[in-house]
Amino acid sequence: MKTLRIAFWAVVAVCLILIGLANREMVTLHALPASLGRALGISPDISLPLFVVIFIGVGIGLMLGFLWEWLRSGRFRAEARGTAREAKALRAELDKLRDADGDGRDDVLQILEDAEGKRPK
């Protein structure tokens with residue numbers, strides 16, 4: 001399984017390297033449309049290799065997807081916490097009912113042990 005995981009990540013790395021080599025040319029990213037930039041007198045531009053822009057876009061998309069999924073599954077996590085709390089309370093109640101006389105031993109086993117002790121040998 002470890003070999004398969006290493007092989008998978010090696011293929012991913014080779015693909016990323018090939019994408020980077022195929023998209024090395026510089027591109028200019030404009031934060032504002034040209035007409036709005038001229039009207040405001042500012043033009044925040046940045047020049048980056050195309051593969052960097054692609055990887056940043058994919059990374060931002062992944063992070064937004066993870067955030068969306070985490071927010072969506074919040075009600076399921078809350079329900080799981082409530083169920084765990086309820087199960088813990090029920091276990092405590094069951095332990096309390098099993099030990100009705102308070103000596104820390106299971107009552108059914110205690111009855112069986114007492115019955116064996118009173119039986120003639």
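Read-outs: derived from the displayed coordinates by stated rules, not from any lab. Bear in mind the structure is a predicted one, so any value in this text is a computation, not a measurement. We place every Cβ from the backbone using ideal geometry, glycine too, and count neighbours over all the protein chains shown.
Each listed q (0.25, 0.27 Å⁻¹) maps to a log10 I(q)/I(0) for region 1-72, found by the Debye formula over equal Cα scatterers with no solvent: -1.02, -1.06. Taking 7 Å steps out from each Cα toward its Cβ at Glu25 and Ala78 produces label points 5.1 nm apart. Full extension of the chain segment joining Leu32 with Phe55 gains 6.1 nm, where the gain is 0.36 nm per residue of separation less the Cα-Cα distance. Remark: the Glu116-Leu90 segment gains 6.2 nm on full extension, using 0.36 nm per residue and subtracting the alpha carbon distance. Dipole magnitude for the chain: computed about the Cα centre from +1 point charges on Lys and Arg Cβ and -1 point charges on Asp and Glu Cβ, it is near 440 debye.
Residue separation of Trp70 and Leu16 scaled by 0.36 nm, minus their Cα-Cα distance, works out to 16.7 nm of gained length. Computed over the chain, the quotient of the alpha carbon radius of gyration and 2.2 N^0.38 Å is 2.42. When the chain is described by a simple charge dipole with +1 on each Lys and Arg Cβ and -1 on each Asp and Glu Cβ, the residue from Leu112, Leu21, Val53 located farthest towards its positive end is Leu21.
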